[in-house]
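The block underneath contains the structure these notes are about, expressed in structure tokens.
The values are calculated or read from the model by the stated rules, or taken from the named source; none is laboratory data. Only a predicted model underlies this, so the values are computations on that prediction, with no experimental measurement involved. A quick note on method: Cβ atoms are made from the backbone with ideal geometry, for glycine too, and the neighbour counts reach across all protein chains shown. Ligands, DNA and RNA are excluded from the accessible area calculation, which covers all protein heavy atoms including side chains. Shrake-Rupley method; radii C 1.70, N 1.55, O 1.52, S 1.80 Å.
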Amino acid sequence: MSATLLQAAFAAHRAGKLEDAVGYYRACLASDAGQSAVYDYLGIACTGLPGRSAEAVHAFRRSLLLEPGRGAVLSNLATLYAHATDDPRALLWFRRASKADPLRADHWARQASCAIRLGRNAEAHTCLKQACMLAPEDPVHWEHFGTLLRRMTRRADAERSVRNGLLICPGAGRLWSSLSATLLEVDNIPAAILYGRRARIAAPADSEAFGNLAQAQYRSGQIDAAISSGAQAMRLDPQNPIITLNLAIYLLTKGDLAHGWPLYEARLIPLRKMTRNLPPQPWTPEIAGPGIHLLVYAEQGLGDEVMFGTCFPELQERLSAGDLGSVTVECTDRLRSLFERSFPAFRFFDRIRKQEQRLRPADYETAVRTHGCTHHVAAGSLPKFFRAALSHFPDTNTILTPDPDKLEHWKNWLATAGAGPRIGLSWRSRAGRDRASVYYPGPGNLGPFLDIAGAQFVTLQYDEDPEELALIEQQTGVRMLRPDGLDLTNDLDGVAALIAALDAVVAPQNLVLSLTGALGKKGYSMPHFLTWVSLGSDRMPFFPSLTVDVRWDREGLDWKPVMGRLAGRLRSDLGL
């Protein structure tokens, strides 16, 4: 093998001329096919070129045939599979790399990253612990270890890990930033801001330092400061979709829809990697005609599907006017019958990518072929087109039509319970959700509403716990009506009919609240801080019938003040 040829290959590779480098490596191997390292270099060069994955795999495998057990080659092959989103296969090769070269901290760290993507947190924990032990002077390992522990809801351990890293690397801005993020999750806002500022000083060119500080400022209600820090984070890392999306949220929270909605599109960047075979053309309102067959694909959670559905009437108008040939909407199966009744001119199909399949891309080929869709739009992009300013939100927005037979059934059922206003109650999201006391009032803070004399109270709490309901009744002496035979989690058509039969609903920002607003019923909600869906106003413009009051930071985790204020408003609205 010619040394001059190999030097030319290295020079081309270093200069980023990968095609030339591949040619030189091939020439080297043509003269001497026994060079394991050259096959490795060839594989690395091919990895950086489109359409060369098969050649890269072949090169890495040839290298391993010549020198089995080379940790670096095993890791390179694993990385190739990871880039191809074949994480299960990548993890197998990362494990082999770590076993072959157990003193390489970077092998353990890459194995951990792949394990995290596959939800194997216990394996990732072992790997990152090993990486921190092997390379304690590298703050990245401590940061990732802390992030994993937060993901595992082991926040005290996460804080301890990050502080250990800071003892060794006190100037590491990323660790100060990680400490800020950890304390933010336990609602220690002042400390989160303090350490976020330290991160900014220690790493003035690090986008994450500004990004985490912005999150703490946003959580504290310092919206202008959050926008300033978030904008600096975006200037430092303009291609980071998370930073861009967070800045969009800050702008929307302030009510700056003109700048917020375009940046909100950044949420779709990670989603595109998990989406296959959408119609070829994106849709905008300027694209019109009877030959336009639109597919609206779902995103985010159930409550978001309902909220973004408040823009469906505009699509319905365009369909009626002939500006669209058809509208096909993806939705969660539990919402389908309710949506189909409310928008009979649309076609609906069940959501493809379900929660239990979150690692599997959503393939729309069958839906596109079945319905002849020509254009696509994400449901969350509709507000950008139809709600560009607060003045574009309707004063009333009843978009859902309950089943008339079910509505009549629940009206009759409520009539047998006695006179007085009928108030539906929900006090949390899913049972056992992490940090529930921070996000939701819980059953112990319903007192100001349950004190309303003469009212009838109906539980709307999905994932309902009979012992939880019994405890509420025992502590307050108030009877909670249980809608027998109604599955409050899965029968959303029945839940919507029950809500429509009530006089008012009290709920945190969950699916019950979204259904209440979409039905045009009076609702009262208590977010734990000012969220973007208020769009700079003191209400929820998507749902004009809802009243919102925030649990302010000065109130700590005491929910009773905000619950008392909302109960007073409900009494006034119902004339009690």
Subset of the stretch 470-498, residues out of contact with any Phe, Trp or Tyr (no Cβ under 6 Å at 6 or more places or on another chain), among the aliphatic types (A, V, I, L, M) and within 19 Å of residue 511 (Cβ to Cβ), comes to 486, 492, 495, 496
When you scan the stretch 494-530, how many residues do you find that are more than 22 Å from residue 463 (Cβ to Cβ) and under 25 Å from the mean Cα position of the chain (by Cα)?
2
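Given the criteria within 26 Å of residue 361 (Cβ to Cβ), within 38 Å of the chain's Cα centre (by Cα) and either surrounded by 15 or more Cβ atoms within 10 Å (Cβ to Cβ) or not aliphatic (A, V, I, L, M) (or both), does residue 78 qualify?
Judged against the criteria, residue 78 is a match.
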Residue 220 versus (1) free of Cβ contacts under 8 Å to residues at least 40 places away in the same chain; (2) surrounded by fewer than 22 Cβ atoms within 10 Å (Cβ to Cβ): which is the lone unmet condition?
(1)
Among the residues of the stretch 390-410, the number that are in contact with a helix residue (DSSP H, G or I) (Cβ under 6 Å, 6 or more places away or on another chain), modelled with pLDDT of 95 or more and not hydroxyl-bearing (Ser, Thr, Tyr) is 7
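In this structure, does residue 4 turn out to be among the β-branched types (Val, Ile, Thr), surrounded by fewer than 17 Cβ atoms within 10 Å (Cβ to Cβ) and part of a helix (DSSP H, G or I)?
yes
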Name the residue that is farthest from residue 483 (Cα to Cα), counting only residues in the stretch 389-425 that are free of Cβ contacts under 8 Å to residues at least 12 places away in the same chain and exposed (fewer than 12 other Cβ atoms within 10 Å of the Cβ).
391
For the stretch 223-243, name all the residues that are surrounded by 22 or more Cβ atoms within 10 Å (Cβ to Cβ) and either within 13 Å of residue 177 (Cβ to Cβ) or among the polar types (S, T, N, Q) (or both).
229, 233, 243
Single unsatisfied condition, residue 54 versus (1) open to solvent by 60 Å² or more (accessible area, probe 1.4 Å); (2) more than 35 Å from the chain's Cα centre (by Cα); (3) small (Gly, Ala, Ser)
(2)
Looking at the stretch 299-321, which of its residues are at pLDDT below 95, crowded, with 18+ Cβ neighbours inside 10 Å and over 20 Å from residue 403 (Cβ atoms)?
299, 303
Tally time: how many residues in the stretch 322-343 are over 15 Å from residue 495 (Cβ atoms), touching a strand residue (DSSP E or B) at 6+ places or on another chain (Cβ under 6 Å) and open to solvent by less than 50 Å² (accessible area, probe 1.4 Å)?
8
When only residues in the stretch 534-576 that are part of a helix (DSSP H, G or I) and under 26 Å from the mean Cα position of the chain (by Cα) count, which is farthest from residue 445 (Cα to Cα)?
534
For the stretch 8-51 the number of residues that are touching a helix residue (DSSP H, G or I) at 6+ places or on another chain (Cβ under 9 Å), assigned to a helix (DSSP H, G or I) and open to solvent by 80 Å² or more (accessible area, probe 1.4 Å) is 5
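Can you work out which of the residues in the stretch 361-380 that are open to solvent by less than 20 Å² (accessible area, probe 1.4 Å) and within 25 Å of the chain's Cα centre (by Cα) is farthest from residue 278 (Cα to Cα)?
Ranking the candidates gives 380 first.
With the requirement that a residue be open to solvent by 30 Å² or more (accessible area, probe 1.4 Å) and in a helix (DSSP H, G or I), what does the stretch 202-217 give you? If you could, list the steps in order and put the result at the bottom.
Residues of the stretch 202-217 open to solvent by 30 Å² or more (accessible area, probe 1.4 Å): 202, 204-205, 208, 212, 215.
202, 208, 212, 215, listed by residue number.
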Consider the stretch 526-576. How many of its residues are among the polar types (S, T, N, Q) and touching a residue at least 60 places away in the same chain (Cβ under 8 Å)?
4
Single residue of 153, 182 found to be open to solvent by 10 Å² or more (accessible area, probe 1.4 Å) and either of a type in the set (Ser, Thr, Tyr) or under 30 Å from residue 231 (Cα atoms) (or both)
153
Tell me which of these residue 45 doesn't satisfy, since it passes every other one: (1) closer than 19 Å to residue 20 by Cα; (2) among the hydrophobic types (A, V, I, L, M, F, W, C); (3) more than 38 Å from the chain's Cα centre (by Cα).
(3)
Looking at (1) over 30 Å from residue 201 (Cβ atoms); (2) not in a helix (DSSP H, G or I), which is the one condition that is false for residue 221?
(1)
Considering the stretch 457-469 alone, what residues qualify as being open to solvent by less than 50 Å² (accessible area, probe 1.4 Å) and not hydroxyl-bearing (Ser, Thr, Tyr)?
457, 458, 460, 461, 468, 469
Open to solvent by 30 Å² or more (accessible area, probe 1.4 Å), at pLDDT 95 or above and assigned to a helix (DSSP H, G or I), is that true of residue 193?
no
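Each row is one residue, and each column tells you yes or no for (1) touching a residue at least 24 places away in the same chain (Cβ under 8 Å); (2) open to solvent by 30 Å² or more (accessible area, probe 1.4 Å); (3) in contact with a Cys (Cβ under 7 Å, 6 or more places away or on another chain); (4) not hydroxyl-bearing (Ser, Thr, Tyr).
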{"site": "258", "(1), (2), (3), (4)": "yes, yes, no, yes"}
{"site": "261", "(1), (2), (3), (4)": "yes, no, no, yes"}
{"site": "264", "(1), (2), (3), (4)": "yes, no, no, no"}
{"site": "280", "(1), (2), (3), (4)": "yes, yes, no, yes"}
{"site": "283", "(1), (2), (3), (4)": "yes, no, no, yes"}
{"site": "287", "(1), (2), (3), (4)": "yes, yes, no, yes"}
